[in-house]
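Report on the following structure.
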Amino acid sequence: MSVTSAGTNNEPISFFVTRPDNIILTRNAINYYYGAKGQGQTNTYAIGLTDINGVSLQFGTVDAGSWLLDCDSGILTFYDDINSTNTGATVDADLNPPRISFWRYEGLIGNNTVMNVQDF
């Protein structure tokens, strides 16, 4: 993952994934809660996040850096300190980017029909 914000001076640290032609691959990721049916249901679009050593970073926990993936922009942001003594996880902007697995929408977005407007 590439760094967008290095997290200096208590700022959040942010990452994204790009192809060689600078297309952001994490853009249009399917939301974690898309299609969630109710309490106790499993989510088939879960986002998997680990540190560089394979330590799992569970969504919604402070020990995992309180991370959030903005599915529209493709930016993964950690809002808290990710160097946790509780989980042993380490993520930073220099040598330890996180690893991510996610579902992404591929296809047309928006109104894909062509309208022919005429005056009568």
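Over all other residues within a Cβ to Cβ distance under 13 Å of residue 72, the charged ones net out to +1, with Lys and Arg as +1 and Asp and Glu as -1.
Estimated at 0.36 nm per residue, the fully extended path between residue 96 and residue 46 surpasses their Cα-Cα distance by 15.8 nm.
Where a number appears in this text, it was derived from the coordinates with a stated rule and is not lab data. Treat the numbers as computed from the prediction; the structure is a model and nothing was measured. A quick note on method: Cβ atoms are made from the backbone with ideal geometry, for glycine too, and the neighbour counts reach across all protein chains shown.
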